[in-house]
Each structure stands twice: as structure tokens, then as C-alpha cells.
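The values are calculated or read from the model by the stated rules, or taken from the named source; none is laboratory data. Since this is a predicted model, take the numbers as computed values, not measurements. Here Cβ is always computed from backbone atoms with ideal geometry, including for glycine, and neighbour counts include all displayed protein chains.
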């Protein structure tokens, strides 16, 4: 029997058979904590949710909070398999960054940013300057530049570092849930709601920090209520007539131009000014050559350690990687280094891939490629290279952190395509 846990994993899929027993558990990140929650063949109704979450799910779509402040989107679907009705449960972590751009687990304990560029040193200096005040911070920059990690750095250097840090992706929470999730609700407000009501994330972050990622996606009809919380330092639960004082530092982030959204009446002007107290623009990676150099070494060390390998890149390859424009910023760089390590790419292959990428990013409109097809091609290349190296679907599945059945099915498709 296989044990599964919830820790730093980003998503979990649980299949429950017609007898109400857990048949399959799939976790996309093996680095989980010791908190066992799901076990194959156990009755689903016996899952001890409160070992990990503050409450058990009571609806088919619901947000669940862990005691550490992470938020998971819980969904339950019914599917028919032959003559039986099975259930599929998914838990997706919507409050935690999918990548860790500046630090490995040991370095994260010191909460230091890995940087050498003058631009990032300037930002680090500003962060340390505002560490002892509670001013709202607005992080601006392209997708993938590391805004989530910088928000954690701001919190860890502040006087609130021992208090909760709660991260919320405003673009990932359904609009119908975001108000009750952030501000909480009173008992009896919703059919099937939690007995005794629910504490909102602002209240849960009392004395600490709340990070509102993708703030540009915050529903326009709720922006006035968010503005009220920022101005009055008080929250009013859905269904309540009373306000409760909270002491929370707010950090918001976006990769969009909020001023343009204000002009288009898609974002409240008064909320923008309330958030824009300490704006910090994180420069794209292509403008931080010194950071690229040390991040390459950092990610090589990280993934060589993770996969027990010793992959290196020579100076020529490193220089080519430094000169690449990295439209996906740190996220793209980390994914590239991981692929180099796990597929054991030669220096020639790395340079060839760089050339292909540059052509893709400057492709002619006359010969477009869909995002779906681009993803399929990258996935195919990664799986075939890994299979060529390891000659085992089980090993490939372990290295790429997916189910072995997934690798087998895709290889069958690739064989029909003639590889």
C-alpha cells in the first residue's frame, strides 16, 4: 500500500471507486512532508482532513486552507466507468509558487536572494530599508521574474517574519469564491457552508503578510471592498454587519500595466494609488546578465543534487545561455537547466535548441504554431530524450515525475508517428 502526503506538492488527483475506496493517488511533486492524508484502498470518508487542513471539504468546489497558510482548490467530479459511478477529487495548490527562482531549500532557510546585478542589489537595499514599516508594496514585472519569491523575501526581512505569510493567486480563484475566501463568511450565509462560518485569509494573516499575486485579475465588483480593508484595516465577513480589525501588511504583484487598466476602467484608480505606495519594478532576466551567470550554476547544482547526477556545461554553452533573451525569464531558465540535466543534453544539442528557440520567438505570422502544438512538441522531445538515455519507462517516469502509464501511452503514440 502506498502512502501519499501533502507538503510542497502543487497538485493531487485522487480516484475513488464505486465502493467509496481510494483507488489511485497521483501527486505531481514527490517532495512531500510526513503528513499522510491519502492511502490507497482506504475509505474516502475516513480521510482525516483536519490533520492538514483547517476544515474538511463540504462542497464539490471549495477552497481549503492548511495550517501553514497554503490554499488548495478542492474539486469533486462524478464519472461513469462501465456501469459504475466513480469520483475524482483534485487538490490544486493555488497559493504557492510553482518554482523557486532564487534559492534552493537550504538557502531558503536564510531567505536570501541569489543575485549579482546592480538592479537587484538596489531592490534588495530598498526592501531592507522598508523592512521595519508596514507600507503596502506593489511588485511589477514580467511573468517569471520572481515576484513571488521577492514577496517572501520582503516578509522574511520584516518585523513580521515570525507571523503568517499567506500567498493568494487572484487569477486562480473562481470569482464566486474569492470574496468568502479572502474575507470569510458567517454561519448560514451559504447553503452547505461550514458550521460556525469561516475565517478569511486577511484575518488568518493577522500580524503577518498577505501576498496578492496577479492583482490585476481581482474582480472589479469586489475592488471597493478590498480598498476598504486597506484603508480601514478592518474586514467584514460575508453575511455579517460587523467589522473586525486586522493588522496585515499587503504585498501585491502583477505583470500588467495597472495604469492602462485604470484608464480603460478595468481597475479602480483609488485602489491603484492605495497599492502603489512602494512600487518595485523587477527587471527582466535579459537585463541582468550577472544574475543569469550565477543562476545557471545554482540550478545546475539544484538539479544535479535532486537527480544524483553530475551534469556540467562548458563556458561556450554558458555564454550562449547568458546571451539568450529569456522571454520566460527565471522560470524558463530553470526549466531549461533541468531539461539539460535530466536528458543529459550534449553541448551541441544545447546550442541547437537555443537556435531553435530564438527562431520560434521570431517566427513569421505566415507560419504560426499553436501553443498546444508547441507544448506537445516540447513534451515529446523531453520524453524521447529521457527514454533514449534510461531505456526504461519506469526510470523516465521517476525522473520526469509522472506516472509510468503516462510515459508508456505517450511512447506508443510516438511510435505510431514514427518518432
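Quick notes
- Any chance residue 266 is surrounded by fewer than 16 Cβ atoms within 10 Å (Cβ to Cβ), assigned to a loop (DSSP other than H, G, I, E, B) and modelled with pLDDT under 95: yes
- The range 128-148: number of residues that are in a helix (DSSP H, G or I) and at pLDDT below 90: 2
- Residue match in the range 248-260 (condition: in the same structural domain as residue 135 (by TED's automatic domain parsing), on the phi > 0 side of the Ramachandran plot and surrounded by 15 or more Cβ atoms within 10 Å (Cβ to Cβ)): no
- Among the candidates 65, 97, 117, 58, the residue that is at pLDDT 70 or above and closer than 25 Å to residue 144 by Cβ is uniquely 117.
- Selection within the range 364-384 - in a helix (DSSP H, G or I) and at pLDDT below 80: 371, 372, 373, 374, 375, 376, 377, 378, 381
- Residue 91 vs. criteria touching a helix residue (DSSP H, G or I) at 6+ places or on another chain (Cβ under 8 Å) and either outside the structural domain of residue 229 (by TED's automatic domain parsing) or at pLDDT 70 or above (or both): no
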